[in-house]
Amino acid sequence: MPAKSARQFGMQCGKTSRRSVCSARWWLTSGSWLLLALASSPTGAWAETIETEHLFGFTIGSDVGDVGERELEGSFTGRFAKRIGTYDAGSGTLSAEFVPLPNLRTEFTGTVNSYDISGVSGFSDQRYTAFGGLSADIRYRLLDRASAPLGLAIGAEPHWSRSDDVTGTRAAQYGVDFVAAADWEIIHDHLVAALNLLYQPDTTRSVLTGTWSREATAGVAIALMAQVHPGILVGGEARYLRRYDGLGLDTLAGQGFFVGPTIYFKLSEQAWITAAWSAQVAGHATAIAGSLDLVNFERQQARVLFGVNF
């Protein structure tokens, strides 16, 4: 970043009280210089072929793997901070993936959840770690980037959970996460972009009261990743999410805009790891005034994913 731009950015950050906004601006500014550097440099043979199946932290790519491919995957996700009190929610997953047919990816997952919640308005205090639930992910690729202008896949992930994912209270929660994922290479083997459309309905039955509740999350996610060294890609992701009361999209409960950096390492021909961080930089909860929605969403989220092919 040129000295003048760096000084201007520092002055802007000094004037704002929200560190997450400064961080988002820094990544956007740094990303623009990265794109200029890539555009002005020759695309040599040093880059590896980009696979988007595991490339992102919060976004999904259209690649699904080769027929017969088997993989063990794991993840750790942390969600932190509400408007007041202590809110730390984490989940760890272990998944088995198999590609039985061309363009069809299947995955089965077990989850462990952990909550440390105290003094959060409207939430019961929680502190425990326990088995969280099960899910299955089915994804089908409609278009392959190797033979089409872009890659396109659709997916559905039905899941069952033993707790409410936001409050951590004991519950039986059932839902399906639907996604349409597209990606394309802006610079072949050097720069790739992705777009997701999301719809995630959930139905929850409280263990304490027996009452049922229904909600849905809809949104869009975008990502941009650049290969800076063979097998190493860096970039960022942005998501705009809207939470609704009910399974339809008629009663808005809140909305949040998240942005943050992502980095991917190909450790070997069989192993990989991805790390991502995301902060809510804008939003609004319908029931409570404020510049962020810290009722339905968190202030910060972090995720590490890893996997081994065999």
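The values are calculated or read from the model by the stated rules, or taken from the named source; none is laboratory data. Keep in mind the model is a prediction, meaning the values are calculated, not measured. Positions of Cβ are generated from backbone atoms using ideal geometry, with glycine treated the same way; all protein chains shown enter the neighbour counts.
Quick notes
- Hits in the stretch 52-73 (condition: part of a loop (DSSP other than H, G, I, E, B), under 19 Å from the mean Cα position of the chain (by Cα) and not β-branched (Val, Ile, Thr)): Glu53, His54, Leu55, Phe56, Gly57, Phe58, Gly61, Ser62, Asp63
- Of all residues in the stretch 117-141 being at pLDDT 95 or above and among the hydroxyl-bearing types (Ser, Thr, Tyr), the one that is nearest to Thr93 (Cα to Cα): Ser135
- Evaluation of Ala146 against (1) free of Cβ contacts under 8 Å to residues at least 40 places away in the same chain; (2) touching a strand residue (DSSP E or B) at 6+ places or on another chain (Cβ under 6 Å); (3) closer than 26 Å to Val99 by Cβ (one fails), failing number: (2)
- Subset of the stretch 185-215 that is of a type in the set (A, V, I, L, M) and buried (at least 20 other Cβ atoms within 10 Å of the Cβ) - its residue that is farthest from the chain's Cα centre (by Cα): Leu191
- Selection from the stretch 99-135 of residues that are exposed (fewer than 15 other Cβ atoms within 10 Å of the Cβ), in a strand (DSSP E or B) and not hydroxyl-bearing (Ser, Thr, Tyr): Pro100, Leu101, Phe108, Gly110, Arg127, Ala130, Phe131, Leu134
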